[in-house]
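Just so you know, all these numbers are worked out from the coordinates, no wet-lab data involved. These figures come from a predicted structure and were not determined experimentally. With ideal geometry, Cβ positions are generated from the backbone for all residues, glycine too; neighbour counts draw on all protein chains shown.
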Amino acid sequence: MRKHLIIAAISGALVLGGTAITSPVVNAAGNGPEYQGHETINTQILHTYQEMMTFLETQNKKQAQMEVEVIGQTVKGRDIPLVKYMSDPANPTILYLAQQHGDEALTTEGMLDYIKSLGTGKNKGVLDNVNILLIPMYNADGAMGDVNYELEDYAAKGPRHLTRYNANQVDLNRDHEARTQPETQALHQNVLQKYDIDYMIDLHHQGAQWVKDDKYVSGAIFYPYPEHTKADVLYKSKQLGAVVYEAIEPKGWGHLAKYAGKGSAYGAGIGVYGIANEYDISTLLLEMRGTADNAFDFEVLGQKSNGYLTKQSVIGMEKTAQAIADGSVLNESIEFWEDLPVQESILED
């Protein structure tokens, strides 16, 4: 049976499970068409794993500064590519990680756009002063729906489903301490322990129900857990967040909040927490609104929002790399965090 969440707007109120609550949402900055079973979600518009690999091969031939390294394989044997721009070992290094959850596909779309732009004059000079590492599709099995369990009642009508977990039904973003999965082992052994990484942005999606100031958010940001992070690592994480906030919030569609959700409680297996703690990497969680596929309708956002959400990913990567390259990230004030509201869910009565 399909897991619909039925929401009806009646005289400015939401009716949820028979309980009326005041609706905080009209047509907001971060708003986009809500799926709720009313729009076709087609996975054909998203890069498949093979299309992504072909894209990377093409760009690698075009871009002199680009290199692609295979860091390991997924459960199903797919190569996990690491895209590298390593101009000088002495430069600060940033890692961008996309699609830990296979249904969070616009982070991959944005990363591929960003990789292409690194081969143009738009980012001229940036690569001379910062090393950039990118993993465009960390959970390729989940992204392809090639898993060892049934995917029932999912929203997408395209040729494949996308699911949060890897092929073994493990949440890779809860596996950074135990490291039971080949994907997690590859990331830690062949990236985090191999390269001297200063910064990381962990790109994700969240459900479509989150609001700030009575408006749907376009996304959310969060830093490592203060009690489990060195002071200087935490400070630089917050500075990284300041760059992202200042770049996105002024956009007409930009509406960022402080993250709140299942991952807001500390766990060493969560990437933004455990990686910052273990490797002293200043880390930022950047969440886009809505997933690309799900069995729960309210997790999915209508794909007419894909454009601005993909752009949000690109801007987050582009501006942080520029700020690290020119050193301006070190001058960023972190005071905005004190006033940044925590997002709220309209599903809570």
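Overview of values
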item	result
0 to 90° range, to nearest 10: angle between helix 306-326 axis and the chain longest Cα axis	30
Two-decimal ratio, segment 7-345, of alpha-carbon radius of gyration to 2.2 N^0.38 Å	0.95
Cα convex hull volume per residue for segment 87-190 (Å³)	111
Relative exposure of GLU183, GLU150, judged by other C-beta atoms within 10 Å (fewest first)	GLU150, GLU183
Cross-link pairs beyond the 19 Å C-alpha cut-off, checked among LYS116/LYS236; LYS212/LYS304; LYS84/LYS251; LYS84/LYS238; LYS157/LYS311; LYS84/LYS124	LYS116/LYS236; LYS212/LYS304; LYS84/LYS251; LYS84/LYS238; LYS157/LYS311
HN-Hα J in Hz across segment 63-72 - Karplus 6.51, -1.76, 1.60, θ = phi - 60°, x for Gly and Pro	9, 5, 8, 9, 9, 10, 10, 8, 9, x
Cβ-Cβ FRET estimate between MET86 and ASP113, R0 fixed at 22 Å, reported to 0.05	0.55
Estimated 222 nm signal from helices in the chain, with DSSP H stretches of n ≥ 4 weighted -39500 (n - 2.57), rounded to 500	-7500 deg cm²/dmol
Folded to 0 to 90 degrees: helix 106-117 orientation relative to the chain principal axis, Cα	40
Exposure proxy order (Cβ contacts within 10 Å, fewest to most) of ARG174, ARG78	ARG174, ARG78
